[in-house]
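First up is the structure itself, then whatever we jot down about it.
Bear in mind these aren't lab numbers, they're just calculated from the coordinates by the rules spelled out. Since this is a predicted model, take the numbers as computed values, not measurements. Because the Cβ atoms are built from the backbone with ideal geometry, glycine has one as well, and the counts that use them run over all protein chains shown.
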Amino acid sequence: MKKEIKQKFHFVEKWGEKIIMLTWITIGVLIYLVIGIGLLVWSVTTSSWGGLILHFAIPIILFWPYFIIRSLFDR
């Protein structure tokens with residue numbers, strides 16, 4: 001009886017694990033973006049080189065999480 005129930009709801013366990021994984025990835029990406037954008041704002045407001053830093057760092061900060069999440073779904 002227990003084995004039959006486990007077999008029927010096996011997909012629920014897999015989806016639960018994926019949802020938990022995606023939740024932690026989302027939290028990590030949000031923390032990463034808050035820190036990254038905060039440091040960029042600080043660098044632009046405190047240094048004359050801040051604009052140059054901003055020019056090169058924005059694509060890296062914004063697109064890195066995109067490529068990480070995309071690579072997870074390409075498996």
- prompt: Taking neighbour counts of Cβ atoms within 10 Å as a proxy for exposure, in what order, fewest first, do 40, 22 appear?
  reply: 22, 40
message: Based only on Cα atoms, what mean projected area does the convex hull of segment 24-75 have, in nm²?
response: 3.5 nm²
